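Throughout, read-outs are computed from the coordinates displayed, never taken from laboratory work. Note that the coordinates shown come from a computational prediction; the quantities given were computed from them, not determined experimentally. Here the Cβ positions follow ideal geometry from the backbone for every residue, glycine too, while neighbour counts run over all protein chains shown.
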Amino acid sequence: MFTCTGPFCSECRTRWFDHDDPTGNGDFEVFSDLRSIYPREICPQPIAIEVQTISGEPASSTSNTFLNYDATYGFACVNADQGSKSCEDYKVRFTCPNEFCQGCRTGWFNMDNPTSRGDYETLLQLQMLYPSQVCSRPVAIEAMTVSGVPAHKTGDVFQM
């Protein structure tokens with residue numbers, strides 16, 4: 001995922017947040033809680049919310065029923081509403097007015113599979129494969145495994 005600036009950005013999204021785990025009563029990713037924990041990362045009045053499982057499945061594709069799913073409250077999945085099942089573990093991100101962001105984030109890309117040489121996800125190759133989805137001069141980059149583990153927590157050594 002790259003952070004871009006300028007005209008490439010048509011909307012401003014936060015990073016994904018997963019503050020609560022689906023234990024006890026359910027999974028609650030409440031805007032006011034997230035905003036108090038991460039005040040500089042979430043705008044005071046988001047205009048939209050996206051919700052997906054921590055594995056990346058959109059909330060709308062799961063079989064869970066939701067108590068709340070909106071930008072002003074956040075997200076709530078209550079175990080008692082799920083019948084014999086429990087809530088899955090969800091993460092949320094917010095869309096904020098453009099003036100809140102100094103840049104925007106692209107989607108995640110995975111063009112290469114690890115070989116004996118390693119795993120290569122280069123900006124030039126991604127720009128060639130996805131010309132309208134990656135800006136020409138990103139200002140930051142994030143990397144994680146396809147299973148969602150941030151790169152810095154893998155123990156891997158990175159060339160670049």
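Brief remarks follow.
- Net charge contributed by nearby residues that have their C-beta within less than 11 Å of Asp119 (K/R +1, D/E -1): -2
- For the chain, size of Cβ-based charge dipole, Lys and Arg +1, Asp and Glu -1, in debye: 480
- Grouping the Cα pair distances of the stretch 11-101 into 5 Å bins from zero gives a pair-distance distribution of 3, 16, 27, 24, 16, 9, 4, 1, 0 percent in increasing distance order.
- Computed from the C-beta positions of Asn98 and Asp156 and an R0 of 41 Å, the FRET efficiency is 0.70 to the nearest 0.05.
- Three-way shape label, the chain, alpha-carbon gyration tensor, a/c 1.5: oblate
- Most tightly packed first, judged by the mean number of other beta-carbon atoms within 10 Å of their residues, the peptides 85-92, 148-155, 17-24 read 85-92, 17-24, 148-155.
- Based on C-alpha pairs under 8 angstrom that are at least 6 apart in sequence, the chain has a relative contact order of 33 percent.
- Ser147-Thr122 FRET efficiency (beta carbon distance; Förster radius 22 Å; 0.05 resolution): 0.55
- In this calculation the C-beta distance from Thr23 to Ile47 is compared with R0 = 25 Å, giving a FRET efficiency of 0.25.
- Between Asp70 and Arg137, the modelled labels are 4.2 nm apart [label points 7 Å from Cα along Cα→Cβ].
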